[in-house]
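What follows is calculated from the coordinates using simple rules that are stated; it is not laboratory data. Here the structure is a predicted model, which is why all the values come from computation and not from measurement. Every residue, glycine among them, receives a Cβ derived from its backbone with ideal geometry; neighbour counts consider all protein chains shown.
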Amino acid sequence: MRHKLELIYFKMRALAEAPRLLFHYTNIEYKDIMSWDYYDKEWSEVKPKIPFKQLPMLVIDKKHEICQSMAIMTFIENLAGINISDPILNAKANAIMQSAQELFMPLNPTVNFATGEKFAKKKQDMTPFLISRFEDLEKALKENDKKFFIYNEPRACDFVTFHHLDLSKLLDLEIIKKFPRLEKFLEDIMSISSIKSYLDKRPKLIDVSVEPKLVIDGIAHPTGVKKT
Ligand SMILES: N[C@@H](CCC(=O)N[C@@H](CS)C(=O)NCC(=O)O)C(=O)O
């Protein structure tokens, strides 16, 4: 059965990114919609009515409202029929996905919003955590001896990890360079043709640490939850 899928989010490169990558990889049609375009209201008015008061949210057939980006990832995997049926491999994939997702805070808000001295301080404070978690992820990849974390084809956990590692380059281009196996993983994801074409055309995140903006249809918009 074909569903109508609407992914509601804001102007930032953060938790909607892994669902977008997985939608493109699995070739499932969906629509990206900004919160203000979907609801025609300010976020402050919308927020209390959202199931878990945060976005992204996937609206299925105008009826089912799915919050939590990891639940959205699992849904897409199931819908595409690429869910990991082996219970042990599935548990390992979930451990990777959660461990990568823990990089969200403070990496994503810092890259999308922090400026000047605050950016520099946050970057300095989080670097030991990023290095430690990147070490763990690199070790998991090396031990698995496959192209991606579970198989030779990517799954949800790979796209979640890709997003956070990729975003770390906008925080500090040097950190990922300490991890050649993770760099190879990023290259392998980026060389998938559906992913490459998505990455080439997605809004660019510019002026990070100065005045972050997303370039949407050629126009630079300040990141955030407000219509501009
Ligand atoms: N655990 C949630 C976290 C969602 C989240 O933190 N969303 C942020 C944007 S990335 C948000 O809605 N911020 C606006 C607000 O909290 O009012 C998930 O994975 O989806």
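Considering only DSSP states other than H, G, I, E and B, which chymotrypsin sites (Phe, Trp or Tyr not before Pro) in region 27-80 qualify as loop sites with at most 13 other Cβ atoms within 10 Å?
Loop-located and lightly packed - 52.
Could you state the number of Å between the C-alpha centres of region 158-228 and region 67-81?
21 Å
Counting other Cβ atoms within 10 Å, which trypsin sites (Lys or Arg not before Pro) in region 3-105 have at most 15 and lie in a DSSP loop?
4, 41, 53, 62, 63
What fraction of the DSSP beta bridges in the chain is antiparallel, stated in percent and rounded to the nearest 5?
75 percent
Could you give the DSSP H helices of the chain that reach 20 angstrom or more along their long axis (alpha carbon positions) and whose average Kyte-Doolittle hydropathy is no lower than -1.0?
87-101, 156-171
I need 221, 24 ordered by Cβ neighbour count within 10 Å, fewest first.
Lowest count first: 221, 24.
Does region 87-192 come out rounded, prolate or oblate by the C-alpha gyration tensor, with a ≥ b ≥ c the root eigenvalues, rounded set by a/c under 1.5 and, if not, prolate when a/b is larger than b/c and oblate if not?
Prolate.
List 111, 208 from most exposed to least, where exposure is judged by having the fewest other Cβ atoms within 10 Å.
In order of increasing Cβ crowding within 10 Å: 208, 111.
Quote the charge dipole size of region 87-192 about the Cα centre in Debye, to the nearest 20; the model charges only the Cβ of Lys and Arg (+1) and of Asp and Glu (-1).
The calculation lands at about 100 debye.
With the cut-off at 1.5 for a/c, could you classify the chain from its C-alpha gyration tensor as rounded, prolate or oblate?
Oblate.
In which sequence would 104, 129 go, from the one with the fewest C-beta neighbours within 10 Å to the one with the most?
129, 104
At a 10 angstrom cut-off on C-beta neighbours, averaged per residue, how do the peptides 195-202, 168-175, 54-61 rank from highest to lowest?
54-61, 168-175, 195-202
Label region 19-115 by shape, choosing from rounded, prolate and oblate, from the square roots a ≥ b ≥ c of the eigenvalues of the Cα gyration tensor; if a/c is under 1.5 it is rounded, and otherwise prolate applies when a/b is larger than b/c, oblate when it is not.
Since a/c reaches 1.5 but b/c is at least a/b, the shape of region 19-115 is classed as oblate.
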